[in-house]
Amino acid sequence: MNELIWLLFALLNFGMIVVVYKLFGRIGLFGWIAMGTVLANIQVTKTIDLFGLEATLGNIMYGTLFLVTDTLNEKYGLKDAKKAIYIGFSALIGMVIIMQVALMFEPASSDFAHDSLATIFDIMPRIALGSIIAYIVSQLLDVHLFQRIKRIYSSNRTLYVRNIGSTLVSQLVDTAIFVPIAFVGTHEPEVVWSIFITTYFIKLLVALLDTPFVYLMKLITPIDQD
């Protein structure tokens, strides 16, 4: 069932991005980047079995960030794509700081949420460190590589080349940075390796699945032209 839920979850995420873009234009995509960066780093704390391997849950949400920046890059240019990256970067740092302070409060005797929050956010600084480094490096690499590929393959028909090509390289760099920082020492080596392989494999699938949505979003005229 995980594989079926994963596919439906991916389509749900991509579909929601299309709706957000149609309703709110670039501002909606900037908002998605902020939300998606936070949610991806919460979801990544959950490990699931997928395609016979262990994987982290946040790969789809994280993959949507590349869909958003590629769309911004394609339709509005490098400046807006980089602005989205810095918005996500700021949202992630803000979440880590705010939640670490929130955990300092002594819970009331009737509280039922503190332990659950601590389970997730006590390990968040390490995950966030890996994510912050991986995110800023891979996203900036992605948007610049997208533009370089666009100089060679600039037609609408070859949009998939710059979308998939830039994502394949940047996601490999992202995975190579994030997985060791986040999981070495907290998981057995074979589990870490499994997470690395599965994470990159899933990111490749996400890149393939999101390509039709990049074409769709290029055709959309937002209601709010911002």
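The values are calculated or read from the model by the stated rules, or taken from the named source; none is laboratory data. Worth saying up front: this structure is predicted, and the values here are computed from it rather than measured. Heads up, the Cβs are rebuilt from the backbone with ideal geometry, glycines too, and the neighbour counts pull from every protein chain shown.
General remarks:
- Screening L159 against (1) under 17 Å from T45 (Cα atoms); (2) modelled with pLDDT under 90 leaves a single unmet condition, (1).
- For the stretch 103-122, the condition of being assigned to a helix (DSSP H, G or I) and either within 19 Å of G165 (Cα to Cα) or basic (K, R) (or both) holds for none of the residues.
- The listed residues are L140, L172, and the only one of them that is more than 12 Å from N73 (Cα to Cα) and under 15 Å from the mean Cα position of the chain (by Cα) turns out to be L172.
- Check on T37, in contact (Cβ under 8 Å) with a residue 60 or more places away in the chain, on the phi < 0 side of the Ramachandran plot, β-branched (V, I, T) and not in a helix (DSSP H, G or I): no
- Residues of the stretch 1-37 satisfying the condition of being β-branched (V, I, T) and buried (at least 18 other Cβ atoms within 10 Å of the Cβ): I17, V20, I33, T37
- G94 vs. criteria surrounded by fewer than 20 Cβ atoms within 10 Å (Cβ to Cβ) and either among the acidic types (D, E) or outside any strand (DSSP E or B) (or both): yes
- Any hit, the stretch 214-224, residues being within 22 Å of I17 (Cβ to Cβ), of a type in the set (D, E), in contact (Cβ under 8 Å) with a residue 40 or more places away in the chain and surrounded by fewer than 19 Cβ atoms within 10 Å (Cβ to Cβ): yes
- The listed residues are T158, T211, T199, and the only one of them that is assigned to a helix (DSSP H, G or I) and under 14 Å from the mean Cα position of the chain (by Cα) turns out to be T199.
- F105 passes every criterion in (1) at pLDDT 90 or above; (2) closer than 23 Å to I197 by Cβ apart from (2).
- Here A55 passes the criteria (1) touching a strand residue (DSSP E or B) at 6+ places or on another chain (Cβ under 8 Å); (2) assigned to a helix (DSSP H, G or I) except the one numbered (2).
- Candidate set: the stretch 15-52, residues that are touching a strand residue (DSSP E or B) at 6+ places or on another chain (Cβ under 9 Å) and of a type outside the set (K, R); chosen: the one modelled with the highest pLDDT: Q43
- Looking across the stretch 184-196 at every residue that is touching a residue at least 40 places away in the same chain (Cβ under 8 Å) and in a helix (DSSP H, G or I), the one that is surrounded by the fewest Cβ atoms within 10 Å (Cβ to Cβ) is identified as V191.
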